Amino acid sequence: MAVRIVHDPIENPRWSDLLERHPAASIFHTPGWLNALRQTYGYQPFVVTTSTGSTLKSGLVACEVKGWASRRLVSLPFSDHCDPLVENSADLSESLAFLLEHGRRGGATSVEVRPTPGVGQALRASGAALTPGVAYCFHQLDLRAEETEIFRRFNQSNMQRAIRRAEREGLSYECGTSERLLASFYRLLRMTRRRHRLPPQPLAWFRNLLANLGDRVSIHVATKNAQPVAGILTLSFKNTTYYKYGGSDAAQHRLGSMPFLFWRVIQDARQRGSAMLDLGRSDVDQPGLIAFKDHLGATRSTLTYYCYPKKRGSVRLAWLSRATRRTFALLPDSALDLAGKLIYKRLG
């Protein structure tokens, strides 16, 4: 079986055609997402394919991430998951073997693939020299039930009462992509990242997502007395809406702002025809976030990344010492934002 590299998935219409046809294609495969990665972080995406004709029938997309002392091939940076888009097990095995060899020839220190749970099982059985690495909790919420049934499945104490409290408090809701909404969302995101002792992602990343994804990206903001108290950024592709980023003012949590905002996001997603809300990954040491997604009635599974050579722990957090995180918590906003610009490009 011939395997080759396609170097231009962003501009190549054959890649977009494959995404429309393949059931495992997600927002993270799209040219808009790939171009935002390139514009923000300088990553150059490429596709490994077993197709030899004019039509792409398979494709595994990846980027090279250059760290301070490493060169990694990742499928795909800053993406919760990114399945190889293949036709059968032979395609999967050949594509993975080619990616590993391509990494070795290019001097990569590691290769990482981020499949969804079901495809991860197929990857494990493929015979590829990839081993299970870091694992996350992964939540998905089925939106095909009636709206009243979805609300009924919410945890009564933690979700239903919080939403009713928010409605009594007169919280308002707005959705769009304006510069004003982006500024409100980013301020809330920075507040949340500071609480977690982490820098925020670069503002340029969010501007590039808005510029490249068009109507596939939305910012949702809840306000109290015209003051933003919670914000969420969602993505959409085909029949799935993706929760990707969120932030809130902890001083206003008593208002139930985040449950209220998720409820409005769910309602909007159903109106747009989404059948699934992908709530993304959660670090296993984030019990509060995991519980929040559980309380929405979402189905929990394990999202496992596969790598070569075998790694322990998360590359993304390996650089974080306790002292570093304490420092982040104390930095002024401008310095914290600068730290994000300098660091995230190296993490992927």
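The values are calculated or read from the model by the stated rules, or taken from the named source; none is laboratory data. Since the model is a prediction, treat every value here as computed from it, not as a measurement. Virtual Cβ from ideal backbone geometry, glycine too; neighbours counted across all protein chains shown.
Tabulated values for the structure
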| read-out | value |
| --- | --- |
| Enumeration of residues in segment 125-184 that are crowded, with 20+ Cβ neighbours inside 10 Å, small (G, A, S) and in a loop (DSSP other than H, G, I, E, B) | S126, A128 |
| Residue match in segment 138-159 (condition: without any contact (Cβ under 8 Å) to a residue 24 or more places away in the chain, over 20 Å from M276 (Cα atoms) and not basic (K, R)) | yes |
| Qualifying residue in segment 57-66 (condition: surrounded by fewer than 21 Cβ atoms within 10 Å (Cβ to Cβ), at pLDDT 95 or above and under 16 Å from the mean Cα position of the chain (by Cα)) | no |
| Among the residues listed as R270, R281, the single one being among the basic types (K, R), surrounded by 15 or more Cβ atoms within 10 Å (Cβ to Cβ), at pLDDT 95 or above and not in a helix (DSSP H, G or I) | R281 |
| Residue ranges of strands (runs of 3 or more DSSP E) in segment 1-86 with at least 2 members in contact (Cβ under 8 Å) with a residue 40 or more places away in the chain and of a type in the set (A, V, I, L, M) | 4-6, 46-49, 60-66 |
| Selection count where residues are in contact with a helix residue (DSSP H, G or I) (Cβ under 8 Å, 6 or more places away or on another chain) and either among the polar types (S, T, N, Q) or within 30 Å of S89 (Cα to Cα) (or both), scope segment 135-162 | 7 |
| Residues located in segment 284-299, provided they are assigned to a loop (DSSP other than H, G, I, E, B) and farther than 15 Å from A135 by Cβ | L296, G297, A298 |
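Yes/no matrix, rows are residues, columns are (1) under 24 Å from the mean Cα position of the chain (by Cα); (2) among the charged types (D, E, K, R):
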position: A97; (1), (2): no, no
position: E112; (1), (2): yes, yes
position: G118; (1), (2): yes, no
position: A129; (1), (2): no, no
position: I150; (1), (2): yes, no
